[in-house]
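Values quoted throughout were computed directly from the atomic coordinates according to the rules given, and no laboratory measurement underlies them. In this text the structure is predicted, and so the values were computed from the model without any measurement. Cβ placement follows ideal geometry from the backbone for every residue including glycine, while neighbour counts extend to all protein chains displayed.
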Amino acid sequence: MLPDRGRKGRESRIFGRTTPFGGRGSRVPGRGGPLARLSRRGRLIGTRTAWTTVCDGEFFCPGCGGDRNYQRRTGRRRFVFLGVPLLSRGETGPVVECAACQDHFGLEALDHPTTVRLSTMLRDAVHTVVLAVLTTGGSAARTALDAAVTTLRGAGFDDCTEERLAALIDALAADTGRLNDPECAPGLAIELHEALGPLAPHLAPAGREALLLQGARIALADGPYTPAERDVLATAGCALTIDPDDVARLLVAATRTPR
Ligand SMILES: [Zn+2]
């Protein structure tokens, strides 16, 4: 369980709210009396943590739900009596502190990409799937290019045109010689896994299936699946951690629900 926070990077855990020293919410019996003076100081009985910032950055805060700045911090806990630190209670943390809501989280909070990063990963994933499908069938047919341009623009590549996409495919073919070359399949599989693997854990099943279906519909735009297109889509499904049976089901479903 994460510690409560106090102000200015200090956390206080208050004990003895009903002790003669008083505490938060207790009433002070008389201004200036010895008991009152003790009461004003009595809030400081407990443990206090002094935090040190190790590094900072940006993360998606699970507390306030958005891209926020964070500070990664470690703390030293001390037992405090009447405001005086007496005993070390050891170190605590590290924790991730949100700059907006100031809640503390475990370091696993940094495993989740920010929404900006996630949208970039998604765009790159669509681009990779589209190119992978298009480059399996030799020179892409006009209808496949049309479908690909529509998909890429929908993913945020606003300046994508058929001419640019065709030029990119030709350049890839010239660079890697991978068009119609079964030997290039491992390289294509690596590209798909690199683009889709890190993204898959952060997408809901429907999001992962939608990515695969986008590729399937481009493959179907110029006719039934070719064996190479099936292989690429199966690889994409694997990279997206979709069960092979579900991949087969989705590929059939795409033939029945053309875009
Ligand atoms: Zn927050």
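Sort segment 115-256 into rounded, prolate or oblate with this rule: let a ≥ b ≥ c be the square roots of the eigenvalues of the Cα gyration tensor; rounded if a/c is under 1.5, and if a/c is not under 1.5, prolate when a/b is larger than b/c, oblate otherwise. Rounded. For segment 82-149 versus segment 199-230, the spacing of their alpha-carbon centroids is 22 Å. Provide the FRET efficiency to the nearest 0.05 for the Ala210-Asp111 pair, computing r from the beta carbons and using R0 = 30 Å. Once rounded, the FRET efficiency stands at 0.85. Here the spin labels are modelled as points 7 Å beyond Cα on the Cα-Cβ line, and at Arg256 and Thr241 they lie 2.8 nm apart. With the gyration tensor restricted to C-alpha atoms of segment 48-100, the semi-axes of the equivalent ellipsoid amount to 28, 11, 8 Å, longest first. By the compact-protein rule of thumb, 2.2 N^0.38 Å, the alpha-carbon radius of gyration of segment 43-137 corresponds to a ratio of 1.67.
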